Amino acid sequence: MDYDHNEAMDRAVATCCIEKIKMNTYKPFLSLKLTDTAPKLCESKVGGLPYIPSGGDIPCDENGGALRMLAQIDCSQLKALPDFPESGLLQFWIGQDVNWGYEKKKGSRVIWYDTVDPSVTEEQVKAKLASAPLPADYDDCFPVNGTYGIEFTPSSDYMAACNSHFAPMFTEMFNAETPGEPIGHPDDLGDDIGEMIWEQLKSEGDKIGGYPGFTQNDPREEDDDRTVLLLQLDSISDDGKTRVMWGDLGIGVFLCTPEELKARDFSNVLYHWDCG
């Protein structure tokens, strides 16, 4: 029997769709916990001193200003994630300007070193950093306040409501379960049900793999195939200390396609951060 979207019935159907999406979109990921240890040059870390090989250079933006390393991952700790490299180092660099390289052509870089040279010293790296030119719009504020080690914990994840691929999936499921007027978007169900969906399907925290989270909107279109989450770094403020802060409690993410990950091609990674 047709109905004109009774809220109670819509809520029941939406709850059913949420559970189906949870069951159908599970992905493995590694939860990252920042620790107050002192990571060595070639160890996993957020912030701090990067590994740079003897013949390597610090990545720069399009104007020659040096980027700064946001995080470095020892890939031997990524074996729980399909298709991720299992050796070497994966590094994430961003700009040192007021917007941290966001929307610049070369404002960020993801670099994978398949091997590391144990003879490289911290002094050698520090000398390279000291001679690197700062960007003309340099700002000494940076999302990471300090240097932190990382603990990795395997977990599983499901698609968040903020994901650009979520709305068409939910809409199709919802319309298949209701005999009445079809909706064109989850927003058609109203604010109360929308808030319920958002709260039950969200992606927060620091992680590699799984699904990304966004404080505002997913920058990808619905057909964007950059679905691999290389890194998500959330704002962290606890124990009276601010470890990471993207603007006003924002989130930073790096995304690539499954094909690029398998080919170890990190030249077209989507870097995005936003805040409330």
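The values are calculated or read from the model by the stated rules, or taken from the named source; none is laboratory data. Quick caveat: nothing in here was measured; it's all calculated off a predicted structure. Every residue, glycine among them, receives a Cβ derived from its backbone with ideal geometry; neighbour counts consider all protein chains shown.
Miscellaneous remarks
- Among the residues of segment 236-276, those that are among the polar types (S, T, N, Q) and either free of Cβ contacts under 8 Å to residues at least 60 places away in the same chain or on the phi > 0 side of the Ramachandran plot (or both) comprise Ser237, Thr257, Ser267, Asn268.
- Selection from segment 49-94 of residues that are of a type in the set (Gly, Ala, Ser), under 22 Å from Lys33 (Cβ atoms) and touching a Pro at 6+ places or on another chain (Cβ under 8 Å): Ala80
- Figure legend. Inter-residue proximity from segment 95-116: first residues over 15 Å from Gly252 (Cα atoms), second residues among the polar types (S, T, N, Q), beta-carbon distance below 6 Å, spacing 6+ or different chains. Indicated pairs: Ile111/Gln91.
- Residue tally, condition touching a helix residue (DSSP H, G or I) at 6+ places or on another chain (Cβ under 6 Å) and among the acidic types (Asp, Glu), over segment 159-186: 1
- Any chance Thr147 is within 29 Å of Val98 (Cβ to Cβ) and either modelled with pLDDT under 95 or surrounded by 15 or more Cβ atoms within 10 Å (Cβ to Cβ) (or both): yes
- Taking the criterion of being closer than 23 Å to Asp83 by Cα and assigned to a strand (DSSP E or B), the residues of segment 28-52 that qualify are Pro28, Phe29, Leu30, Ser31, Leu32, Lys33, Lys45, Val46.
- Verdict on Pro85 being on the phi < 0 side of the Ramachandran plot, out of contact with any helix residue (DSSP H, G or I) (no Cβ under 8 Å at 6 or more places or on another chain) and crowded, with 16+ Cβ neighbours inside 10 Å: no
- Where a residue in segment 73-90 is assigned to a loop (DSSP other than H, G, I, E, B) and its partner, wherever it lies, is among the polar types (S, T, N, Q) and surrounded by fewer than 18 Cβ atoms within 10 Å (Cβ to Cβ), with Cβ under 6 Å and at least six apart: Gly88/Thr115
- The residues of segment 163-182 that are touching a residue at least 60 places away in the same chain (Cβ under 8 Å) and within 26 Å of Asp224 (Cβ to Cβ), listed by number, are Ser164, His165, Phe166, Met169, Phe170, Met173, Phe174.
- Of all residues assigned to segment 119-133, at least one qualifies as being exposed (fewer than 14 other Cβ atoms within 10 Å of the Cβ), among the polar types (S, T, N, Q) and part of a loop (DSSP other than H, G, I, E, B).
- One residue from Asp187, Asp192 being surrounded by fewer than 16 Cβ atoms within 10 Å (Cβ to Cβ), in contact (Cβ under 8 Å) with a residue 24 or more places away in the chain and not in a loop (DSSP other than H, G, I, E, B): Asp192
- Residues that are in contact with a strand residue (DSSP E or B) (Cβ under 7 Å, 6 or more places away or on another chain) and outside any loop (DSSP other than H, G, I, E, B) within segment 140-176 comprise Val144, Tyr148, Gly149, Ile150, Glu151, Phe152, Thr153, Pro154, Ser155, Ser156, Asp157, listed in sequence order.
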